[in-house]
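One structure below.
The values are calculated or read from the model by the stated rules, or taken from the named source; none is laboratory data. Being a predicted model, the structure only gives us computed values, none of them experimental. Cβ placement follows ideal geometry from the backbone for every residue including glycine, while neighbour counts extend to all protein chains displayed.
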Amino acid sequence: MTTRNDVEKMIAQVGLGDRTAFSSLYDATSAKLFGVCLRILNDRAEAEDVLQEAFVRIWQKAKTYAANGYSPMTWLITLTRNLAIDKLRTRKAGSVDIDEVYDLADSGPTPEAAAVASSERAQIDGCLDELEPDRAGAVRDAYLEGHSYNELAAKYGVPLNTMRTWLRRSLGKLKDCLTR
Amino acid sequence: MTAADDHNDDVALAGEYALHLLDAEARRAFEDRLNNEPALRILVSEWDAHFISLSDEFTPVVPPAMMKARIEDVLFPKAAKARSEFSLWRVVLGAGFAAALGLAVLVALPPANVPDPFTPSFTAELAAEDQSLVVLASFAPDVGVLRIDRQAGEARQGRVLELWLIADGATAPVSLGVLPADAATNITLPADLIDAIAGGTLAISDEPIGGSTTGAPTGDVLAAGVVVSI
């Protein structure tokens with residue numbers, strides 16, 4: 001199994017222009033990153049385009065990775081998720097209704113859940129549980145589905161500004177809880 | 001607003017940025033601040049680290065097999081060229097046929113001649129698409145020795161494997177000689193080829209016994225790989 005250390009070393013080698021390491025990094029991480037693209041975009045062709053763009057960025061930015069202080073999978077997933085949401089936001093409004101199309105939501109814990117540091121997961125779950133259910137749901141949807149404020153407001157049936165206020169307050173409470 | 005209010009405001013703003021909730025204009029403005037405010041960058045990285053705990057809900061899905069080649073073709077156009085069929089190679093490089101004649105000046109040496117320790121600084125993996133032939137090449141420029149390690153596959157019945165170098169930007173492949181039946185061998189490169197290895201492509205073609213008589217590959221290209229620095 002590929003460990004965090006392995007991925008870190010691969011990224012360092014990729015930063016030196018090592019194509020073999022790039023190939024190994026792709027083999028080790030592409031399924032996870034493609035899963036991120038598919039969940040956010042819910043469209044295979046778009047997900048493939050974003051996966052390609054993500055690996056191009058990874059190749060280009062790997063040499064600066066060591067300086068950014070991110071753990072390797074956090075860096076890779078964050079980079080990919082941001083590109084996927086960029087793509088999502090450039091869609092013409094109304095072309096896809098994510099709530100209708102995407103009905104895989106509310107998936108229970110995946111087998112992989114066990115692999116993620118369970119204490120960290122428990123911590124954020126515990127802190128989200130301290131919020132009202134709708135407000136915690138909005139934070140989860142923003143992260144996992146890449147929903148915009150407009151989409152969140154529609155989904156939870158509140159005005160846009162109310163959603164913005166909710167979410168900013170939720171973030172403040174979350175931060176307090178997570179750093180306790 | 002007090003300093004504490006400002007801080008709380010930035011905490012929420014960094015969280016909105018990490019979630020990608022800011023509209024395009026606000027996002028750009030925030031990124032301008034990020035460039036100048038290390039404290040803000042820390043807030044964002046803290047949020048990214050918190051939210052990553054939710055990422056186990058992104059179920060891995062193996063991408064289509066062609067994706068890897070597609071990405072590598074974008075990043076390494078030369079590798080794409082080397083991977084293509086021999087016929088294409090001939091079309092691309094055909095003009096250089098004559099120039100390649102007489103350049104095959106390589107000698108395969110027994111492994112005993114390897115300097116010890118052998119410290120390569122370049123490597124290439126030459127692999128057929130279906131892995132029916134996999135050859136690992138490593139090169140130590142200080143001694144000019146190219147080590148060949150055939151890990152899978154062999155020459156077809158009554159045929160031989162011939163190794164070629166296509167230097168970066170070259171118009172024709174240069175023969176590095178016929179590979180012996182042994183899986184491992186060392187080839188000493190002439191001085192004028194040592195500098196051509198970096199960034200070049202190594203390829204193996206299927207040839208009649210004794211190797212190509214034209215100075216250019218005549219059979220199928222079985223495997224190819226780009227030389228990278230270690």
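If you take just the helices (runs of 4 or more DSSP H) that sit entirely in the range A:1-80, which of them hold at least 1 residues that are of a type outside the set (Asp, Glu), loosely packed, with under 15 Cβ neighbours inside 10 Å and out of contact with any Pro (no Cβ under 6 Å at 6 or more places or on another chain)?
A:4-15, A:44-61
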Considering the range A:81-93 alone, what residues qualify as being more than 7 Å from every other protein chain (Cβ to nearest Cβ) and either within 15 Å of the chain's Cα centre (by Cα) or in a helix (DSSP H, G or I) (or both)?
A:Arg81, A:Leu83, A:Ala84, A:Asp86, A:Lys87, A:Leu88, A:Arg89, A:Thr90
Please go through the range B:124-153 and pick out each residue that is polar (S, T, N, Q) and either at pLDDT below 90 or over 17 Å from the mean Cα position of the chain (by Cα) (or both).
B:Gln131, B:Ser132, B:Gln151
Could you tell me which residue of the range B:188-215 is farthest from the other protein chains (Cβ to nearest Cβ), considering only residues that are under 18 Å from B:Pro120 (Cβ atoms), crowded, with 21+ Cβ neighbours inside 10 Å and touching a residue at least 40 places away in the same chain (Cβ under 8 Å)?
B:Leu189
Pair list, Cβ < 7 Å and 6+ apart or interchain, from the range B:143-159 residues that are in the same structural domain as B:Ser212 (by TED's automatic domain parsing) and farther than 18 Å from B:Ala184 by Cβ to residues that are surrounded by 15 or more Cβ atoms within 10 Å (Cβ to Cβ) and among the charged types (D, E, K, R)
B:Arg156/B:Asp206; B:Arg159/B:Asp206; B:Arg159/B:Glu207
It is to be established whether one or more residues within the range A:142-165 are in contact (Cβ under 8 Å) with a residue 12 or more places away in the chain, over 19 Å from the mean Cα position of the chain (by Cα) and within 9 Å of another protein chain (Cβ to nearest Cβ).
yes
Does the range B:54-69 hold any residues that are surrounded by fewer than 21 Cβ atoms within 10 Å (Cβ to Cβ) and touching a Lys or Arg at 6+ places or on another chain (Cβ under 6 Å), and which are they?
B:Pro60
Please enumerate the residues belonging to the range A:18-41 that are farther than 13 Å from B:Val62 by Cβ and more than 7 Å from chain B (Cβ to nearest Cβ).
A:Ala21, A:Phe22, A:Ser23, A:Ser24, A:Leu25, A:Ile40, A:Leu41
For the range A:122-133, give me each residue that is without any contact (Cβ under 8 Å) to a residue 24 or more places away in the chain and of a type outside the set (Gly, Ala, Ser).
A:Asp125, A:Asp129, A:Glu132, A:Pro133
Which ones in the range B:1-43 are at pLDDT below 95 and among the β-branched types (Val, Ile, Thr)?
B:Thr2, B:Ile42
What is the one condition in (1) away from every other protein chain (no Cβ under 14 Å); (2) modelled with pLDDT of 90 or more; (3) not in a helix (DSSP H, G or I) that B:Val105 does not satisfy?
(2)
So which helices (runs of 4 or more DSSP H) stay within the range A:106-180 end to end and still have 3 or more residues that are touching a Phe, Trp or Tyr at 6+ places or on another chain (Cβ under 9 Å), modelled with pLDDT of 95 or more and surrounded by 14 or more Cβ atoms within 10 Å (Cβ to Cβ)?
A:133-144, A:160-178
Inter-residue pairs, beta-carbon under 7 Å, first farther than 10 Å from B:Glu162 by Cβ and in the range B:216-227, second polar (S, T, N, Q) and modelled with pLDDT under 85, 6+ apart:
none
Would you tally the residues in the range B:14-38 being without any contact (Cβ under 8 Å) to a residue 24 or more places away in the chain and assigned to a helix (DSSP H, G or I)?
15
With the condition kept exactly as written, say whether any residue in the range B:204-222 is closer than 30 Å to A:Lys9 by Cα and assigned by TED's automatic domain parsing to the domain that holds B:Glu72.
no
Per-region count, the range A:58-75, residues more than 10 Å from chain B (Cβ to nearest Cβ) and in contact with a helix residue (DSSP H, G or I) (Cβ under 6 Å, 6 or more places away or on another chain):
4
